[in-house]
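As structure tokens, the structure follows; a few thoughts come after it.
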Amino acid sequence: MLTSHAVPFSGSFACLLFIFPTIWIVDIQYYITRHIGIVVTSEAFIMICRNMLFYIFPFTLMAMALSMLALKGLREQGRLGRSFGKVTIRDQPPSNTIQKIVALKEAMASVENSLQHLNVSLLKMRTIFLAGQPEVTTQVALILLASSAVLLVVPFRYILAVSTLDLFTRELEFRREMVAAFISFVKERWESIHAAPVIVLPYEGDDNSNKTLPAKASRQTESKDVQDQRSDIYVNGIRPS
């Protein structure tokens, strides 16, 4: 019985009456057939409306454990075959040293580009948080306050149901243009935010590098200098006393 976590029948029935008519217009591009998509979406909404989210993680762990034990038993019985579980990769075509160096430089450039984008994003977030652009900071703060108010007033299962419905219907024809316009608007607003200014200080050389050497290294340096002086004396024809 799920009476301890279940919502009242009237609230659940109202939620299902609101959701089930929309299931028939759900975009099924992520699934194989329309019927499978409708079944999966219906199950998701039922779990949300009946407040059964508490059981998702335990049942997931249970299904993983049972699958592992079943595979273990089938492997011990020899029903999986020798090639089951082996990872197959395709070898790279033969290349010379120059091609390998060029490929390495391209990979390093791609990683550097990704790190630069991440750094710029962090600097923009710093600008928003530290009020580098006051109007943008005000807008973000109002959005956060409105979101917190909605989360405090509206039950979380209804917010999750609406989010799931939005996720499965954003590629429909009557919503595609609206979603594209919203995404372009968000990108434009994000591009209009200036990154926080970065001050690059000049390099300061360490003039006291000899003072920081350990005693052993200092003695080795001194002995080397003495040997160099003696070699110079031998070259000049003067024998040291």
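Assorted remarks:
- Flag for LEU74 being at pLDDT 90 or above, of a type in the set (A, V, I, L, M, F, W, C) and more than 30 Å from ALA196 (Cβ to Cβ): no
- Check on VAL200, of a type in the set (Val, Ile, Thr) and either part of a loop (DSSP other than H, G, I, E, B) or more than 19 Å from SER147 (Cα to Cα) (or both): yes
- Being among the small types (Gly, Ala, Ser) and assigned by TED's automatic domain parsing to the domain that holds ILE193 is a description that does not apply to SER67.
- Of all residue pairs spaced 6 or more apart or on separate chains, none has beta-carbon atoms under 8 Å together with a first member in region 171-200 that is surrounded by fewer than 10 Cβ atoms within 10 Å (Cβ to Cβ) and a second member that is aromatic (Phe, Trp, Tyr).
- The test for being of a type in the set (Gly, Ala, Ser), surrounded by 12 or more Cβ atoms within 10 Å (Cβ to Cβ) and touching a helix residue (DSSP H, G or I) at 6+ places or on another chain (Cβ under 7 Å) holds for ALA131.
One line per residue, one yes/no per condition, for (1) under 30 Å from SER42 (Cα atoms); (2) in contact with a Ser or Thr (Cβ under 9 Å, 6 or more places away or on another chain); (3) not in a helix (DSSP H, G or I):
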| position | (1), (2), (3) |
| --- | --- |
| ARG75 | no, no, no |
| PRO93 | no, no, yes |
| ASN113 | no, no, no |
| LEU118 | no, no, no |
| ILE159 | yes, no, no |
| ARG176 | yes, no, no |
| PHE182 | yes, no, no |
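The values are calculated or read from the model by the stated rules, or taken from the named source; none is laboratory data. The shown structure was predicted, so the numbers you read here are calculated from the model rather than taken from an experiment. Every residue, glycine among them, receives a Cβ derived from its backbone with ideal geometry; neighbour counts consider all protein chains shown.
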